[in-house]
Amino acid sequence: AQSVAQPEDQVNVAEGNPLTVKCTYSVSGNPYLFWYVQYPNRGLQFLLKYITGDNLVKGSYGFEAEFNKSQTSFHLKKPSALVSDSALYFCAVRDITSSASKIIFGSGTRLSIRP
Amino acid sequence: KAGVTQTPRYLIKTRGQQVTLSCSPISGHRSVSWYQQTPGQGLQFLFEYFSETQRNKGNFPGRFSGRQFSNSRSEMNVSTLELGDSALYLCASSLSGTGREETQYFGPGTRLLVL
């Protein structure tokens, strides 16, 4: 069975500092990995995804994520945080070896950027 | 290109009633998935439809059902509402859903309150 964990319910960062939102996954085969962001009273917006190739994936709004197969992690990063980055972030995984697999979402991490 | 639209945006019902929510996917997208989002349980997968057929199903009771029309629009129905059904219901569409790397695009959600 596939699963994804976001170990931190909340991450607090000062504006201008680098930020990391952690995500680890478990699948029986190879994963497709996704990051989404949710602003208040809105649906989820796609940020980036890892399918294959370069382990460092660049996405929207200056975010990037690094796929680490040995640590089964896909942490979201940004070199310099903005107050407008404050939102709820979801990591998601899909097992590519299962034809009927569905996307599983983590529990979410609330990112708070203080001015 | 218009995004995923969901109607209604807000809904108040009482226990025992039934409710129908609607989702119109992005033009050209044929796969529609439904999720329930609650503070306690996070994002839970309900079901996925493709070409008017349910292709995948989450672990929800039979009170939750859905369907997809020939134009890819989808509806989900919840019968005999319970207080615990209060949640944000999100719809997501993707091109075909057969490519497991496909990105899902989310609508703004329908917030259901059961009294």
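Coordinate-derived values only; no laboratory data. Just so we're clear, the structure is a prediction, and the values are computed from it rather than from any experiment. Cβ: placed from backbone, ideal geometry, glycine included. Neighbour counts: every protein chain shown.
Of note:
- Within straight-line cross-link reach of A:Lys22, lysines at Cα separation under 29 Å, skipping those fewer than 8 residues along the same chain: A:Lys49, A:Lys58, A:Lys69, A:Lys77, A:Lys78, A:Lys102, B:Lys57
- Environment charge at B:Thr80 (Cβ cut-off 10 Å; Lys +1, Arg +1, Asp -1, Glu -1): 0
- Across the options A:Gly29, A:Pro40, A:Gln71, the greatest Cα extent toward the positive end of the charge dipole of the stretch A:22-71 (unit charges at beta carbon of Lys, Arg, Asp, Glu) belongs to A:Pro40.
- Radius of gyration over Kirkwood radius for the protein assembly as shown, both on Cα atoms: the Rg/Rh ratio is 0.97.
- Note on B:Asn77/A:Gln45: beta-carbon distance plugged into 1/(1 + (r/R0)^6) with R0 of 25 Å gives a FRET efficiency of 0.40.
- The stretch B:55-115 versus the stretch A:1-80: alpha-carbon centroid distance in Å: 24 Å
- Using a Förster distance of 45 Å, the FRET efficiency for A:Glu15-B:Arg67 (Cβ separation, nearest 0.05): 0.45
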